[in-house]
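Undergrad: I am attaching a structure below and will ask some questions about it afterwards.
Laboratory data are not the source of any read-out in this text; all were calculated from the coordinates shown. Model, not experiment: these values are computed from the prediction. We place every Cβ from the backbone using ideal geometry, glycine too, and count neighbours over all the protein chains shown.
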Amino acid sequence: MDHNLDQDCFPFFRLPDELIYKIFSLLYGVDLARLRMVSFQFNDLLLSDDQLAWRNAIYSELTTNPQPLLSDESYYNFYKRAYLGLYRCVVTKLAEDRITSLDYEASFFLEKEYSYCQYLKEKETTQEEEMQQGLSTMYRFYHGCRQYRLDCYLILATKHGYEIWANKLCQQGANVHCHKQTISPLIMSIRENNDTMIKNLIELGIRYHLLDPQCLARSNSYECVFHVMEVCKVLTCIRHDSHLLQPFLNIIDLPSIHQAAIFKSIDEFRKYFEDGKYSYANLRHSDAYGMTPLMYCIILGRDDIVSFIYGLKKIPS
């Protein structure tokens with residue numbers, strides 16, 4: 001770090017603060033970290049009380065709703081934690097014998113191997129390789145694994161609520177035409193009880209045509225971990241967003257009786273029973289996720305259909 005680089009010999013610091021921060025906004029946070037090492041002036045400016053440069057970096061790269069790990073965590077420390085990953089921040093405090101489950105171990109594997117730091121390095125390497133148009137075995141192998149790696153990065157972004165990064169990952173996946181958003185990121189957001197990220201993932205999957213129906217539809221129960229709890233959680237989050245609800249319900253391939261209960265008016269639904277198309281017995285059938293028409297209607301607020309179904313229960317068959 002240069003002790004003698006002052007405002008007189010380096011006119012950058014004589015620029016208006018607004019212009020300086022505008023220039024900083026064009027850089028990644030990792031570049032700002034490198035600038036800190038150039039001079040004490042850069043260091044002092046970037047670590048000033050408002051930390052505007054780091055807040056802008058977080059808002060443009062990670063999330064517009066940063067959740068600090070500690071109540072007094074600065075924007076700089078938040079970005080550093082996101083960049084390095086929690087693994088590198090806390091692993092020295094953990095004993096190896098405390099890793100007792102696969103889920104616990106896998107979570108630290110993700111933090112270590114798929115941190116934001118790894119993503120930026122990998123992105124730079126990929127761009128250089130593509131410019132060189134390399135066709136080596138390792139290059140072809142890497143592109144074959146890109147779907148898996150994008151999923152891992154997306155799971156990590158979901159886990160920590162980095163919706164800006166998640167958006168970029170989905171855009172990247174759509175542009176390379178090799179990425180399908182698997183069920184794992186959505187499951188992670190459900191486990192983290194992050195309603196905002198659940199809605200973001202559904203919306204991104206719809207926008208970029210990344211939601212894979214085979215990941216949601218339980219045609220093979222051994223390949224799908226999407227069960228009644230996950231369906232209920234997603235429906236609760238998106239029930240007031242028709243632009244998300246309709247495509248999601250289409251993807252999970254509901255039986256006809258379920259579709260009628262959800263989408264038809266009460267008069268149309270009642271007529272099905274009056275004409276003999278359906279009977280009360282049909283209402284007791286569950287779909288592939290263990291959900292009955294009544295369960296869907298309760299979650300989605302179809303009070304008129306719910307009342308009609310309960311009325312049918314009182315009629316002797």
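Undergrad: Could you give the length gained on full extension between residue 36 and residue 312, defined as 0.36 nm per residue of separation minus the Cα-Cα distance, in nm?
TA: Numbers: separation 276, 0.36 × 276 = 99.36 nm, distance 7.15 nm.
That works out to 92.2 nm of additional length.
Undergrad: Shape call for the range 1-84 from the C-alpha gyration tensor, a ≥ b ≥ c root eigenvalues: rounded (a/c under 1.5), prolate (a/b greater than b/c) or oblate? Let's see the in-between values first.
TA: Details: a/c = 2.24, a/b = 1.80, b/c = 1.24.
Since a/c reaches 1.5 and a/b is larger than b/c, the shape of the range 1-84 is classed as prolate.
Undergrad: Hey, can you rank 283-293, 156-166 by average C-beta count inside 10 Å, highest first? List each step's numbers first, then the result.
TA: Values: 283-293: 17.2, 156-166: 23.3.
My ranking of the peptides, most packed first, is 156-166, 283-293.
Undergrad: Do the alpha carbons of any pairs in 168/233; 22/123; 168/199; 22/159 sit beyond 27 Å of each other, and which pairs? Before the final figure, lay out the partial values.
TA: Working: 168/233 25 Å; 22/123 24 Å; 168/199 16 Å; 22/159 30 Å.
Over 27 Å apart, Cα to Cα: 22/159.
Undergrad: Determine the relative contact order of the range 1-84: mean sequence separation of Cα pairs under 8 Å and six or more apart, normalised by residue count, in whole percent.
TA: Working: 60 pairs, mean separation 22.1, N = 84.
Answer for the range 1-84 is 26 percent.
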